[in-house]
Amino acid sequence: MIPESFVQDLLARVDVVDVVGRYVQLRKGGANLLGLCPFHNEKSPSFTVSPSKQFYHCFGCGAHGSAITFLIEHTGASFPEAVRSLAANAGMTVPEEPRSPRQRAADKTRKEEVSRQQQILDMAQAHYVRELKGSRGAIHYLKQRGLSGETAARFGLGWAGTDRRGLSAVFPLYEDPLLVESGLVIEAEDGRRYDRFRERIMFPIRNQRGNLIGFGGRIIGKGEPKYLNSPETPLFSKGHELYGLWEGRAGIRSEGYVLVVEGYMDVVGLAQHGLANAVATLGTATTPSHIQKLLRASHKIVFSFDGDKAGRRAAWRALNTCLPLVRDDVSMRFLFLPPEHDPDSYIREYGAEAFKATVAEAMPLSRFMLDELASHHAMHEAEGRAACVHEAKPLLVALPEGTLRVQIEREFAKLVLLTPEELSQMLAEVPAPAPPDPGGRKTGVSRADAPAAGGGDAEPPGFMDAPMFEPDDYGSYDGADEAPEPYARHKPAAGRGSKARTVTPMAKRLLRLLLAHPELVSSLGDQQLEILEHGPHLVLVRDLIALANASGARHAGALLQAAEPGSDLEGVLASISPELLAQEDLPDPQAEWHDAMRRIELDAIKAEQLALVGAGLKDDVSRKRYHELTRRIALLSSASSR
């Protein structure tokens, strides 16, 4: 693990303005700096960076965080990579945990194997591209599908020929075990080997950093399966990846939404017609990991499915996956095309404008959910409505607390002829669902100091984006590709658990003070700590004090970075941090803090006096205590009037 103390020292040394300024053109706007948000498409700047408080916040999409968070979210770097990059620029050395010679040797072997697998995939990709250039049949098929050489170059399309051992021309050592481990070669039970992909258009699959991790192949003649993916490998897991997310990063940003389709050809065909914002799941149902990646790409997601029964079933499964991850600031919609069309065929027949018009009419998640529930039951009967409630309960409970959940519950209550209060009472009896398991990297910033595949670079991948393919590789097939823009992603807001803690106005005032002035923590005396300890609504204030003490954070950005991802505290800090950007620095934060503490103590004393009076002041101890509290009130009141 990278020590938290080092992270805080690093954040005290780097300037978030310098880090963000490498990627975003910033201009002065009062005490802060403003720019166009790199995480969503906007024309007027709503992205704000605070030099004094050392964090950024977008008032348009909600993205926020420290210098470390910015590198992770904007470049796709892991937490260790971002820390190492900033440390290198600041002239600091990241302390590493001591590892045994055996552990170091294992790490070196693993890195070498990963690096070797990456090289193997890259060599295979170059081979497939060369094969496409020489295959008239494959080029004819792509032209029939309306694809230009420019589009083929942009997506790196290739061709796996008919030779059972075609890759032996690239890998003379065809018996290399890594060819099997990388998913390119299959070894039969009798030991014979042959290429996994043959007679297929090849679609390279890249991760969010642009690294090649696997392939998808589409057969162009008769045969099954129509689509074939790489198997699960150390680099590739189809439940975690989305085809086209790397290639579509600029298109997602310009269109303002990400379109989720079912096939590779849909992604490529839509891009051919100018809609370069589509991605596809890799022959698997939509997973929580997919949703999390989509939310990082855009705050608006449109799922496109066939309009037949199979398509609606797939859409319903996707909706179930989405429910625990919906947010008030996110739009999720469902588009159902006519049964005879997929997105590629629809846009080829009717054109891009017609397809955009259908997207504009896509059904919101709430409407699809309620309509689908109603279609399963006889809603004109009490029994049918009761069965509908029974089916809907786990779905409604899966929704995070927020305005959208309230709206959906009210609409559903009306649908089943219940009052909102009656429905709420029924839902309160349903056990809260376990949080979704993405099966991969969790949302929020992971602090595990596991080096990324390929080792820890001085600068994280993505710092210098470059085109991955050259159009000349496609010979006379035509077209020229442009270097894509850096990928902008939106960070999902954290701290949206099913049960959020209540934050009173006084607690919010204290949290705001501590977030803006962490140095206040060092001046807290025993009496103030005792007052805070007994405040029933000051749990998050105590948590923030403990966090500031443990981390040694010296500014707001450092506190935001130190908060545990997904915790109540992180969620509350994220919600109040934008207020700091509009707040002028207080002339005397210490006096403001003392005033707040006096008010808390006065409220506590008055509550205790009321309790004593309510009990009747029946003995000398009660009466003595009451007079002591009265004297304390007088003392606090005189202190506040000075």
Assuming Arg348 fulfils every condition listed in (1) part of a helix (DSSP H, G or I); (2) of a type in the set (D, E, K, R); (3) crowded, with 19+ Cβ neighbours inside 10 Å; (4) in contact with a helix residue (DSSP H, G or I) (Cβ under 8 Å, 6 or more places away or on another chain) apart from one, which condition is it?
(3)
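Within segment 353-370, take every residue that is crowded, with 16+ Cβ neighbours inside 10 Å and not aliphatic (A, V, I, L, M) and give me the one that is farthest from Asp568 (Cα to Cα).
Checking each candidate, the answer is Phe355.
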Where residues in segment 289-313 are touching a helix residue (DSSP H, G or I) at 6+ places or on another chain (Cβ under 6 Å) and part of a helix (DSSP H, G or I), which of them is nearest to His341 (Cα to Cα)?
Ile291
Only one of (1) surrounded by 15 or more Cβ atoms within 10 Å (Cβ to Cβ); (2) within 30 Å of Glu73 (Cα to Cα) is not met by Leu373, so which one is it?
(2)
Filter result for Ser237 (buried (at least 24 other Cβ atoms within 10 Å of the Cβ) and either among the polar types (S, T, N, Q) or over 25 Å from the mean Cα position of the chain (by Cα) (or both)):
no
Name the single residue, out of those in segment 13-34 being over 20 Å from Glu579 (Cβ atoms) and assigned to a strand (DSSP E or B), that is farthest from the chain's Cα centre (by Cα).
Lys28
So which of Ala126, Ala169, Ala160 is surrounded by 16 or more Cβ atoms within 10 Å (Cβ to Cβ) and assigned by TED's automatic domain parsing to the domain that holds Val185?
Ala160
Please go through segment 403-425 and give me each residue that is touching a residue at least 40 places away in the same chain (Cβ under 8 Å) and either surrounded by fewer than 15 Cβ atoms within 10 Å (Cβ to Cβ) or within 13 Å of Leu373 (Cα to Cα) (or both), ordered by number.
Thr403, Gln407, Ile408, Glu411, Phe412, Leu415
Here the qualifying pairs (Cβ atoms under 6 Å; residues six or more apart or on different chains; first in segment 297-325 and of a type in the set (Gly, Ala, Ser); second part of a helix (DSSP H, G or I)) come out as Ala297/Ile252; Ser298/Ile252; Ser304/Pro343
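Can Pro339 be described as under 17 Å from Gly311 (Cβ atoms) and outside any helix (DSSP H, G or I)?
Spelling it out, Pro339 is indeed under 17 Å from Gly311 (Cβ atoms) and outside any helix (DSSP H, G or I).
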Report, by residue number, each residue of segment 104-122 that is under 16 Å from Val180 (Cβ atoms) and of a type in the set (A, V, I, L, M).
Val114, Ile120, Leu121
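With respect to Ala82, is the statement that it is within 21 Å of the chain's Cα centre (by Cα), surrounded by 16 or more Cβ atoms within 10 Å (Cβ to Cβ), among the aliphatic types (A, V, I, L, M) and in a loop (DSSP other than H, G, I, E, B) true? Explain how you work it out, then say what you get.
On the way: within 21 Å of the chain's Cα centre (by Cα): yes; surrounded by 16 or more Cβ atoms within 10 Å (Cβ to Cβ): yes; among the aliphatic types (A, V, I, L, M): yes; in a loop (DSSP other than H, G, I, E, B): no.
Against the criterion (within 21 Å of the chain's Cα centre (by Cα), surrounded by 16 or more Cβ atoms within 10 Å (Cβ to Cβ), among the aliphatic types (A, V, I, L, M) and in a loop (DSSP other than H, G, I, E, B)), Ala82 does not qualify.
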I need a count of the residues in segment 578-614 that are among the small types (Gly, Ala, Ser), at pLDDT below 85 and more than 20 Å from Ser637 (Cβ to Cβ).
1
Is segment 82-97 home to any residue that is modelled with pLDDT of 85 or more, over 25 Å from Glu519 (Cβ atoms), in contact with a Gly (Cβ under 6 Å, 6 or more places away or on another chain) and not aliphatic (A, V, I, L, M)?
yes
List the strands (runs of 3 or more DSSP E) that sit entirely inside segment 150-246 and contain at least 2 residues that are modelled with pLDDT of 95 or more and either under 26 Å from Val260 (Cα atoms) or basic (Lys, Arg) (or both).
158-160, 200-206, 212-219
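Filter segment 379-422 down to the residues that are of a type in the set (Lys, Arg) and either farther than 15 Å from Pro433 by Cβ or not in a helix (DSSP H, G or I) (or both) and list them by number. Show your work before the answer.
Filtering segment 379-422 down to residues of a type in the set (Lys, Arg) leaves 385, 393, 405, 410, 414.
Selection gives Arg385, Arg410, Lys414.
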With respect to the numbered conditions (1) in contact with a strand residue (DSSP E or B) (Cβ under 8 Å, 6 or more places away or on another chain); (2) part of a loop (DSSP other than H, G, I, E, B), which one is the sole condition not fulfilled by Gly62?
(1)
Just for segment 247-273: of the residues that are modelled with pLDDT of 95 or more and among the small types (Gly, Ala, Ser), which one is surrounded by the fewest Cβ atoms within 10 Å (Cβ to Cβ)?
Ala271
Has segment 189-203 got any residue that is more than 24 Å from Ala285 (Cα to Cα) and either touching a residue at least 40 places away in the same chain (Cβ under 8 Å) or touching an Asp or Glu at 6+ places or on another chain (Cβ under 6 Å) (or both)?
yes
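The values are calculated or read from the model by the stated rules, or taken from the named source; none is laboratory data. This structure is a prediction, so every number in the text was calculated from the model and none was measured. As a convention, Cβ positions derive from the backbone with ideal geometry for all residues, glycine included, and neighbour counts pool all protein chains shown.
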